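Dumping the structure here so I can ask a few things about it.
The values are calculated or read from the model by the stated rules, or taken from the named source; none is laboratory data. For clarity, every value in this text was computed on a predicted model and none was experimentally measured. Here the Cβ is made from the backbone with ideal geometry for all residues, glycine too, and neighbour counts use every protein chain on show.
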Amino acid sequence: MKVVVCENYDDLSNKAFEVIKEQVVEKPNSVLGLATGSSPVGMYQDMIKDHKENGTSYKDVSTYNLDEYVGIDRNDPQSYYTFMNENLFSGIDIDPNNTHVPYGNTKEDCEKYEDAVNGVDIQVLGIGQNGHIGFNEPGTPFDEPTHIVDLTENTREANARFFDNDINKVPTQAITQGIGTIMKAKKILLVANGANKADALKAMIEGDVNIECPASVLQKHPDVIVFIDKEAASKLSK
Ligand code: F6R
């Protein structure tokens, strides 16, 4: 696992963007695994800016998102589908038919998505304060495929900021790629910033590989690059 401690959020976003750009320029029909949440937004903004200024094209790129809430409409302002359209897809020349965000709440929905996610060149990840990746909460077996999860109180609290700060409005379940799905990606690119991620990053990078910190599984992946700011790195020993 390569860990790069960056000056600040803009710096880490730009460094992460450079990795994506290099991939897409080298292989125009790359398959990207994408995440929602605050962490990758700066990187998405850099992708949009670069597309507009330098013409980097995403027309042959395919994307597979990690997760989506259960029980809210695709076009709800808080759906991850809407988030991706607003924060990335509408700003680049990607073919909407090539973008995929999981949806549904049945076993069949999960199996269909699991079968579709194939050959991911780079998987973008954020990390939860409790070490979750995707919506794989502590305790999730490492070999789990796409599945339906009950969200923890901690995760619902962290996401209440998107729901008028009202935890009661935050959905209680999500559909998520499993850790097994995520680990199949050829390369993993994780971005994180802020002191509230410092404990999770310490456990991920320096702790034992243990299902209590889902992200610790990344120690077993052969090609992981992590871009974090100084605050997020503040509890690392080296
Ligand atoms: C989002 C996702 C989550 C987030 C994590 C961090 O698709 O899978 O695991 O990456 O909750 O969220 P932020 O970036 O908002 O701190």
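Which condition breaks for Gly134 when tested against (1) in contact (Cβ under 8 Å) with a residue 60 or more places away in the chain; (2) within 20 Å of His221 (Cα to Cα); (3) touching a helix residue (DSSP H, G or I) at 6+ places or on another chain (Cβ under 9 Å); (4) more than 15 Å from the ligand (Cβ to nearest atom)?
Against the list (1) in contact (Cβ under 8 Å) with a residue 60 or more places away in the chain; (2) within 20 Å of His221 (Cα to Cα); (3) touching a helix residue (DSSP H, G or I) at 6+ places or on another chain (Cβ under 9 Å); (4) more than 15 Å from the ligand (Cβ to nearest atom), Gly134 comes up short only on (4).
Would it be correct to say that Phe227 is at pLDDT below 95 and either closer than 28 Å to Thr106 by Cβ or crowded, with 22+ Cβ neighbours inside 10 Å (or both)?
Numbers: at pLDDT below 95: no; either closer than 28 Å to Thr106 by Cβ or crowded, with 22+ Cβ neighbours inside 10 Å (or both): yes.
No.
A follow-up question, please. Criterion first (away from the ligand (no atom under 16 Å from the Cβ), farther than 18 Å from Ile188 by Cβ, in contact with a strand residue (DSSP E or B) (Cβ under 8 Å, 6 or more places away or on another chain) and not in a strand (DSSP E or B)) does Asp115 satisfy it? Working first, answer last.
On the way: away from the ligand (no atom under 16 Å from the Cβ): yes; farther than 18 Å from Ile188 by Cβ: yes; in contact with a strand residue (DSSP E or B) (Cβ under 8 Å, 6 or more places away or on another chain): no; not in a strand (DSSP E or B): yes.
Considered against the rule, which asks whether it is away from the ligand (no atom under 16 Å from the Cβ), farther than 18 Å from Ile188 by Cβ, in contact with a strand residue (DSSP E or B) (Cβ under 8 Å, 6 or more places away or on another chain) and not in a strand (DSSP E or B), Asp115 comes out as no.
Now for a different question. Does Ser39 qualify as being crowded, with 18+ Cβ neighbours inside 10 Å and either farther than 14 Å from Ile228 by Cα or of a type in the set (Lys, Arg) (or both)?
Values: crowded, with 18+ Cβ neighbours inside 10 Å: yes; either farther than 14 Å from Ile228 by Cα or of a type in the set (Lys, Arg) (or both): no.
Criteria not met by Ser39.
While we're looking at this one, here's another question. List the number of the failed condition for Leu12; all other conditions in (1) closer than 20 Å to Pro96 by Cα; (2) of a type outside the set (Lys, Arg); (3) touching a strand residue (DSSP E or B) at 6+ places or on another chain (Cβ under 6 Å) hold.
Single failed check for Leu12: (1).
Considering only residues that are among the aromatic types (Phe, Trp, Tyr) and out of contact with any Gly (no Cβ under 8 Å at 6 or more places or on another chain), which ones fall in segment 114-145? Talk me through it step by step, then tell me what you get.
Taking segment 114-145 and keeping what is among the aromatic types (Phe, Trp, Tyr), we get 135, 142.
Of everything in segment 114-145, just one residue is among the aromatic types (Phe, Trp, Tyr) and out of contact with any Gly (no Cβ under 8 Å at 6 or more places or on another chain), namely Phe135.
Does Ser79 satisfy being surrounded by 22 or more Cβ atoms within 10 Å (Cβ to Cβ) and either within 30 Å of Cys213 (Cα to Cα) or under 15 Å from the mean Cα position of the chain (by Cα) (or both)?
Values: surrounded by 22 or more Cβ atoms within 10 Å (Cβ to Cβ): no; either within 30 Å of Cys213 (Cα to Cα) or under 15 Å from the mean Cα position of the chain (by Cα) (or both): yes.
Considered against the rule, which asks whether it is surrounded by 22 or more Cβ atoms within 10 Å (Cβ to Cβ) and either within 30 Å of Cys213 (Cα to Cα) or under 15 Å from the mean Cα position of the chain (by Cα) (or both), Ser79 comes out as no.
Note down all Cβ pairs under 6 Å where the first residue falls in segment 174-192 and is farther than 13 Å from Gly134 by Cα and assigned to a loop (DSSP other than H, G, I, E, B), the second is of a type outside the set (A, V, I, L, M) and within 12 Å of the ligand (Cβ to nearest atom), and they're at least six residues apart or on different chains.
Ala185/Gly33; Ala185/Gln123
If the Cβ limit is 8 Å and pairs must be 6+ apart or interchain, which residue in segment 78-90 that is closer than 21 Å to His51 by Cβ and hydrophobic (A, V, I, L, M, F, W, C) pairs with which residue that is modelled with pLDDT of 95 or more and part of a helix (DSSP H, G or I)?
Once the first residue is closer than 21 Å to His51 by Cβ and hydrophobic (A, V, I, L, M, F, W, C) and sits in segment 78-90, its partners that are modelled with pLDDT of 95 or more and part of a helix (DSSP H, G or I) give Leu88/Tyr44; Leu88/Met47; Leu88/Ile48; Phe89/Pro96.
Out of Phe135, Phe162, which single residue is surrounded by fewer than 21 Cβ atoms within 10 Å (Cβ to Cβ), among the hydrophobic types (A, V, I, L, M, F, W, C) and either touching a Pro at 6+ places or on another chain (Cβ under 8 Å) or under 25 Å from Ser79 (Cβ atoms) (or both)? If you could, list the steps in order and put the result at the bottom.
Working: Phe135 fails: surrounded by fewer than 21 Cβ atoms within 10 Å (Cβ to Cβ).
So the residue among Phe135, Phe162 that is surrounded by fewer than 21 Cβ atoms within 10 Å (Cβ to Cβ), among the hydrophobic types (A, V, I, L, M, F, W, C) and either touching a Pro at 6+ places or on another chain (Cβ under 8 Å) or under 25 Å from Ser79 (Cβ atoms) (or both) is Phe162.
Among the residues of segment 167-223, write down those that are closer than 23 Å to Tyr44 by Cα and among the polar types (S, T, N, Q).
Thr176, Gln177, Thr181, Asn193, Asn196
Pick from segment 179-190 the residues that are surrounded by 24 or more Cβ atoms within 10 Å (Cβ to Cβ) and not β-branched (Val, Ile, Thr): which of them is nearest to the ligand (Cβ to nearest atom)?
So the residue we want is Leu190.
Hey, can you tell me all the residues within segment 17-49 that are aromatic (Phe, Trp, Tyr) and in contact with a Leu (Cβ under 8 Å, 6 or more places away or on another chain)? So that I can check it myself, show each step before the final result.
Initial filter on segment 17-49 (aromatic (Phe, Trp, Tyr)): 17, 44.
Listed by number, the list holds a single entry, Tyr44.
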